[in-house]
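Notes to accompany the following structure.
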Amino acid sequence: MLAKLATSALVTLAAGVAILAGLVAFSRPPERPQPTQGSGLDFAAAITVDLSALPERQDYRARDGASLHYRRYAAANGGSARTIILVHGSGWHGMQFHALATALAANGHGTVIAPDLRGHGQNPARRGDVDHIGQLEEDLFDLIAHLKEGGKAGPVVLGGHSSGGGLVVRFAGGRYGGEADAFLLLAPFLKYNAPTTRPDSGGWARPATGRIVALGLLNALGITAFNHLPVIGFAMPQAVLDGPLGDTATTRYTYRMNVSFAPRSDYASDLARLDRPFLLLAGDRDEAFIADRYEPTIKPHTPAGTYRVLPGVNHLGVVDAAATIDAIGAWLPEWVPAES
């Protein structure tokens, strides 16, 4: 009897492994998906921004020895001793924040730091990939530690847009969350099936769902050998890929990058640890997310937020809309007093 049960269990396990292997092998994301008519994100403003005054990239050393990059926008006229770190969204890089960072620094709100996350931007070691799940959080901690050297960083505001906002939520919910004094969320990604998310993020994200499910189950069993496989593609417009910044775009993520660049599966637990002041801004014309659902989705888990829905603003436009600059400028002095 025991032998029969053991044989049956082995057969069931072998069948399960075979199914998972098939999903991993044959469920693949498109390499360079294109937006379909009436879907996707509007990159027009993002690729026409004036970058003539773009600061040079600076380097910092991550704990694994990797040299990672950021741009620094110093607060004008000896402005407030406050550091604002802005984390870009999926597929793009820190140059996304050039207009916003310039405005915040020029208005004396703080020194703004715009990193290119590992696997992104100009000539990354491995585009769209990290070494292990959680490495982006480690990199952000190492960046904050680098900026705090010398003791002149002041209060640290960690902000992010879209998936970058999701990474900020993940950071707040993890072991390093206490390193930031406040958070700034610009149309953040919470989860593919969160009440705030439109299907496939409005046509931007093209996941290999079967492969993601299979790899999730394998990871639950402690098997991580296939986490380097790509699992999601992004519908980057051809105009971006053919333009002067086309070689800086990232059109696919591996499993370990995709998981690292978002809140944990139980995103409510990350939100519950978002216990320091945060400002959430989203536009009512957002193509990827539903702006007026953020507050009812997040507020039951944390009372620390201030929410604003910006009229006439779309997903990428929220990054440098005049209303965004005004809202951040009004919120910072009240909730994140600068050190003198």
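Considering only the stretch 1-20, I want to know if a residue exists there that is modelled with pLDDT of 90 or more and assigned to a helix (DSSP H, G or I).
As a first pass, look at the stretch 1-20 and keep what is modelled with pLDDT of 90 or more: none.
No, the stretch 1-20 contains no residue that is modelled with pLDDT of 90 or more and assigned to a helix (DSSP H, G or I).
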Determine the pairs where a residue that is within 20 Å of Y73 (Cβ to Cβ), located within the stretch 39-57, has a partner that is part of a loop (DSSP other than H, G, I, E, B) and not β-branched (V, I, T) with Cβ atoms under 7 Å apart, the partner being 6 or more residues away or on another chain.
-> A45/L316; A46/L316
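Can you tell me which of A187, A182 is in contact with a Lys or Arg (Cβ under 6 Å, 6 or more places away or on another chain), touching a residue at least 40 places away in the same chain (Cβ under 8 Å) and closer than 24 Å to A327 by Cβ?
Details: A187 fails: in contact with a Lys or Arg (Cβ under 6 Å, 6 or more places away or on another chain).
Going through A187, A182 in turn, the sole match is A182.
Just one of V318, V313 is in a loop (DSSP other than H, G, I, E, B) and farther than 29 Å from D131 by Cα; which is it?
Values: V318 fails: in a loop (DSSP other than H, G, I, E, B).
Checking each option against the conditions leaves just V313.
Hey, any hits in the stretch 54-70 for a residue that's under 22 Å from V313 (Cβ atoms) and either in a loop (DSSP other than H, G, I, E, B) or among the basic types (K, R) (or both)? Spell out the reasoning first.
The first filter runs over the stretch 54-70 and keeps only residues under 22 Å from V313 (Cβ atoms), leaving none.
No; the residues of the stretch 54-70 include none that is under 22 Å from V313 (Cβ atoms) and either in a loop (DSSP other than H, G, I, E, B) or among the basic types (K, R) (or both).
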Kindly indicate whether G65 is surrounded by fewer than 21 Cβ atoms within 10 Å (Cβ to Cβ) and at pLDDT below 95.
-> no
For the stretch 181-203, state whether one or more residues are of a type in the set (V, I, T), touching a helix residue (DSSP H, G or I) at 6+ places or on another chain (Cβ under 6 Å) and under 14 Å from V87 (Cα atoms).
-> no
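Can you name the residue in the stretch 211-247 that is in a loop (DSSP other than H, G, I, E, B) and touching a strand residue (DSSP E or B) at 6+ places or on another chain (Cβ under 8 Å) and is also nearest to M95 (Cα to Cα) among such residues? Before you say what the answer is, go through the steps one by one.
If we filter the stretch 211-247 for residues that are in a loop (DSSP other than H, G, I, E, B), which is where we start, we get 221-229, 235-237, 242-245.
Next, only the ones that are touching a strand residue (DSSP E or B) at 6+ places or on another chain (Cβ under 8 Å) stay: 227-229, 235.
Numbers: N227: 28, H228: 26, L229: 27, A235: 19 Å.
Of everything passing the filter in the stretch 211-247, A235 is nearest to M95 (Cα to Cα).
The values are calculated or read from the model by the stated rules, or taken from the named source; none is laboratory data. What you are looking at is a predicted structure, and each value in this text was computed from that prediction instead of being measured. Heads up, the Cβs are rebuilt from the backbone with ideal geometry, glycines too, and the neighbour counts pull from every protein chain shown.
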